[in-house]
Amino acid sequence: MRKLPGLLAGGVVAAAMTAAGGASADETNLPSIDGVTLQTRVEAPEGHPLTEIISGFEFRTKETQALELDDFNNPGFLMVELGEEAWSTVEGSAGKSCESCHGDASESMRGVRAAMPKWNEAAGRPFTLENQINACRTEQMGAEEWKWESDAMLGMTAYVGLQSRGMPVKVDIESGEMRKWWEKGKELYHTRFGQLDMACANCHESNYGNYIRADLLSQGQSNGFPTYRLKWQKMGSLHRRFKGCMDNIRAKAFKRGSDEFVALEAYLAWRGQGLSVETPAVRN
Amino acid sequence: MNITRRQALALGAGAAVVTMTALPRLSLADTDAVKAAIDAMAGGATPEVANVTLTAPEIAENGNTVPITVAIDSPMTDDDYVTDVTILAAGNPSPGVATFHFTPMSGSAEATTRMRLAKTQDVIAVAKTSTGKVYMDRKTVKVTIGGCGG
Amino acid sequence: MAKAKPRVKVPKSADKDEVITIKTLISHKMESGQRKDKDGNPIPRQIINKFTCEFNGKPVFSCDLEPAISANPYLEFSAKVPESGVFTFTWLDDDGSVYSTESKIKVN
């Protein structure tokens, strides 16, 4: 956690920000990237804890939004290009690349990110995109696993994710034992952790749109990951973001790729259903 | 001569007023390093606050990546063009950010980059032309300190 | 990141003497020299310190960069295009590495 100035200073900045940024409700003027419209606000279905599902995009200033809306200005594309190169690079004992099996990513990978995490019957657990990529690498290619937060993994999840950009997030929580993982994720979302004794829901369900000191709280949606964060000056995974939140509430964070974070990812994907995939999004 | 604490304070205040009068449009708060960097561009003269437009967000969401654009009004011909523009961050540990070098081939004296700001502060642009003119602009950028930015 | 990777955006064609916009981005951590590692030792500075753009061998624009430039340095500027030719972009790293790329443009 960074050193913070007095509460008063934070309050002044917060007041000033209300006028400059924040969510705007202009339904008729949706953001788009190269003709692909982004649904950044969708009505929540019945039984959903929110009335309106809102992308983190809507909580950012126009300068940050502008970075996401232009693929050249978006520094996340440095990673996308890395992934694109890796897609057709042969690796491992089987002498295969991703392309050997999956061909043109723009066709074969369309919709994949939007449906993650997804129940994997063989593994008997849900697969995140990272899990799926590593399963392909070890089982099909005879290659080494990539580390969760490695540039190689971020590049590939960004490149594969981009193929679903603009498509609605739609996770299937009824297949296999997904419901159990969803339940676990829901429980984690509402469990208070750490010295600050806070749950995800305290900020991202009960207080989105409000300021925590100088930060405008979003709904904590996952539709833009992996995301280029201005703070990181780098692209990062959803699990890195989870860890950041847990560090800040002074909790002992779960590990990237842990069952806890995979369950939380499954629950969050369900909470964000209908929002457009924005990978690679740009956030503060 | 004995000077009481009260008198010393009064003298200090007087000096401050004099400085303010002598350097209109320059901030009192500028450190020696910032003044030296401006002087290095201006050759000791006081830059005219004109012709330079510095565009930066009023509030930066994160100080690690702040977009800035500088544009100078200039014909950009072989006889009269902007040669150099220095960007300074008055409140950073070291004020230098970038120096742009233009040529008549640049077509226009405009550039955009992204910079790091350690805290809320003034960003300054000082521009020099081939005819020896020096112009400047400054803009305050508020940098929000995250409450829980993760 | 293992090696710096440049990206440039230059129009494919332009009218004679048109002023075009050029965008450049390069992957680089821009280690400022102000940070410390987990053991409290200062991390040495390593940045891209210079960028140049030439057209058919003639200087168009250049920039000296300081550690206050964000990671993955982005530069946007303009250029006048008097004839068909090649833009050459070069980035210099503190460690002596030189990264460069080229873009062709055709004058209509």
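The values are calculated or read from the model by the stated rules, or taken from the named source; none is laboratory data. This structure is a prediction, so every number in the text was calculated from the model and none was measured. Every residue, glycine among them, receives a Cβ derived from its backbone with ideal geometry; neighbour counts consider all protein chains shown. Areas reflect the complete protein model, heavy atoms only, side chains present, ligands, DNA and RNA absent. Shrake-Rupley method; radii C 1.70, N 1.55, O 1.52, S 1.80 Å.
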Problem - Per-region count, segment A:72-108, residues more than 14 Å from chain C (Cβ to nearest Cβ), of a type in the set (Gly, Ala, Ser) and either crowded, with 19+ Cβ neighbours inside 10 Å or not in a helix (DSSP H, G or I) (or both) - result: 8
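Could you say which residue among A:Gln65, A:Gln39 is polar (S, T, N, Q), closer than 19 Å to A:Lys170 by Cα and away from chain C (no Cβ under 12 Å)?
Values: A:Gln65 fails: closer than 19 Å to A:Lys170 by Cα.
Answer to the selection: A:Gln39.
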Problem - A:Cys245 touching a Gly at 6+ places or on another chain (Cβ under 7 Å), among the hydrophobic types (A, V, I, L, M, F, W, C), more than 10 Å from chain B (Cβ to nearest Cβ) and closer than 27 Å to B:Ile59 by Cβ - result: no
Practice task
Tell me which of these C:Val81 doesn't satisfy, since it passes every other one: (1) more than 15 Å from the chain's Cα centre (by Cα); (2) open to solvent by 10 Å² or more (accessible area, probe 1.4 Å).
Solution key: (2)
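Within segment B:110-133, which residues are open to solvent by 50 Å² or more (accessible area, probe 1.4 Å) and in a strand (DSSP E or B)? Lay out the reasoning, then the answer.
Of segment B:110-133, the ones open to solvent by 50 Å² or more (accessible area, probe 1.4 Å) are B:110, B:118-120, B:128, B:130-133.
Correct list: B:Glu110, B:Lys128.
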Problem - Scan of segment A:173-200 for residues that are touching a Phe, Trp or Tyr at 6+ places or on another chain (Cβ under 8 Å), more than 20 Å from A:Arg241 (Cβ to Cβ) and not hydroxyl-bearing (Ser, Thr, Tyr), ordered by number - result: A:Ile173, A:Gly176, A:Glu177, A:Met178
Practice task
Scan segment B:65-89 residue by residue and report those that are more than 27 Å from A:Asn74 (Cβ to Cβ) and either open to solvent by 20 Å² or more (accessible area, probe 1.4 Å) or within 7 Å of another protein chain (Cβ to nearest Cβ) (or both).
Solution key: B:Asp73, B:Ser74, B:Pro75, B:Thr77, B:Asp78, B:Asp79, B:Asp80, B:Tyr81, B:Thr83, B:Asp84
Fill in the blank from the handout: Per the list (1) under 27 Å from B:Met105 (Cβ atoms); (2) within 13 Å of chain B (Cβ to nearest Cβ); (3) touching a residue at least 40 places away in the same chain (Cβ under 8 Å); (4) open to solvent by 10 Å² or more (accessible area, probe 1.4 Å), residue check on C:Val8 breaks on (2)
Practice task
Check off (1) surrounded by fewer than 18 Cβ atoms within 10 Å (Cβ to Cβ); (2) over 12 Å from the mean Cα position of the chain (by Cα); (3) at pLDDT 95 or above for C:Asn108 and give me the number that stays unchecked.
Solution key: (3)
Exercise for the section: Could you tell me which residue of segment C:14-57 is nearest to the other protein chains (Cβ to nearest Cβ), considering only residues that are touching a residue at least 60 places away in the same chain (Cβ under 8 Å) and over 26 Å from A:Met79 (Cα atoms)? Expected result: C:Val19
Problem - Selection from segment A:114-147 of residues that are assigned to a loop (DSSP other than H, G, I, E, B) and open to solvent by 60 Å² or more (accessible area, probe 1.4 Å) - result: A:Glu121, A:Ala122, A:Glu144, A:Glu145, A:Lys147
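Name the one entry in C:Pro59, C:Pro67, C:Pro44 that is outside any strand (DSSP E or B), over 22 Å from A:Lys231 (Cβ atoms) and either touching a Gly at 6+ places or on another chain (Cβ under 8 Å) or open to solvent by 10 Å² or more (accessible area, probe 1.4 Å) (or both). Before you say what the answer is, go through the steps one by one.
Working: C:Pro59 fails: outside any strand (DSSP E or B); C:Pro67 fails: over 22 Å from A:Lys231 (Cβ atoms).
Only one candidate passes the filter, namely C:Pro44.
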Handout entry: Residue that is open to solvent by less than 10 Å² (accessible area, probe 1.4 Å) and at pLDDT 95 or above, where the choices are A:Gly220, A:Gly257, A:Gly244, A:Gly272
Key = A:Gly272
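Residues of segment A:35-55 being assigned to a strand (DSSP E or B) and charged (D, E, K, R), which ones? Reasoning before the result, please.
First, pick out the residues of segment A:35-55 that are assigned to a strand (DSSP E or B): A:36-37, A:41-43, A:52-54.
Correct list: A:Arg41, A:Glu43, A:Glu52.
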Practice task
Look at A:Asp151 and say whether it is within 14 Å of chain C (Cβ to nearest Cβ) and either open to solvent by 20 Å² or more (accessible area, probe 1.4 Å) or of a type outside the set (S, T, N, Q) (or both).
Solution key: yes
Handout entry: Filter result for B:Pro57 (surrounded by fewer than 20 Cβ atoms within 10 Å (Cβ to Cβ), within 13 Å of chain A (Cβ to nearest Cβ) and in contact (Cβ under 8 Å) with a residue 40 or more places away in the chain)
Key = yes
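Of these, A:Gly111, A:Gly185, A:Gly166, which one is open to solvent by less than 40 Å² (accessible area, probe 1.4 Å), more than 30 Å from B:Thr113 (Cβ to Cβ) and not in a helix (DSSP H, G or I)? Spell out the reasoning first.
Working: A:Gly185 fails: not in a helix (DSSP H, G or I); A:Gly166 fails: more than 30 Å from B:Thr113 (Cβ to Cβ).
Just one listed residue meets the conditions, A:Gly111.
Only one of these is part of a strand (DSSP E or B) and closer than 26 Å to B:Thr86 by Cα: C:Val19, C:Val86. Name it.
Values: C:Val86 fails: closer than 26 Å to B:Thr86 by Cα.
Exactly one of C:Val19, C:Val86 is part of a strand (DSSP E or B) and closer than 26 Å to B:Thr86 by Cα, namely C:Val19.
Out of all the residues in segment B:95-122, which are at the interface with chain C (Cβ under 9 Å from one of its Cβ atoms) and either without any contact (Cβ under 8 Å) to a residue 12 or more places away in the chain or within 20 Å of A:Gln233 (Cα to Cα) (or both)? Quick ask: steps written out before the conclusion?
As a first pass, look at segment B:95-122 and keep what is at the interface with chain C (Cβ under 9 Å from one of its Cβ atoms): B:95-118.
Hits for segment B:95-122 are B:Gly96, B:Val97, B:Ala98, B:Met105, B:Thr112, B:Thr113, B:Arg114, B:Met115, B:Arg116, B:Leu117, B:Ala118.
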Exercise for the section: Kindly provide the set of residues from segment C:70-85 that are among the hydroxyl-bearing types (Ser, Thr, Tyr) and at the interface with chain B (Cβ under 7 Å from one of its Cβ atoms), ordered by number. Expected result: C:Ser70, C:Tyr74, C:Ser78
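Does A:Tyr267 satisfy being over 25 Å from A:Arg125 (Cβ atoms), hydroxyl-bearing (Ser, Thr, Tyr) and either in contact (Cβ under 8 Å) with a residue 24 or more places away in the chain or part of a loop (DSSP other than H, G, I, E, B) (or both)?
Working: over 25 Å from A:Arg125 (Cβ atoms): no; hydroxyl-bearing (Ser, Thr, Tyr): yes; either in contact (Cβ under 8 Å) with a residue 24 or more places away in the chain or part of a loop (DSSP other than H, G, I, E, B) (or both): yes.
No: the conditions fail for A:Tyr267.
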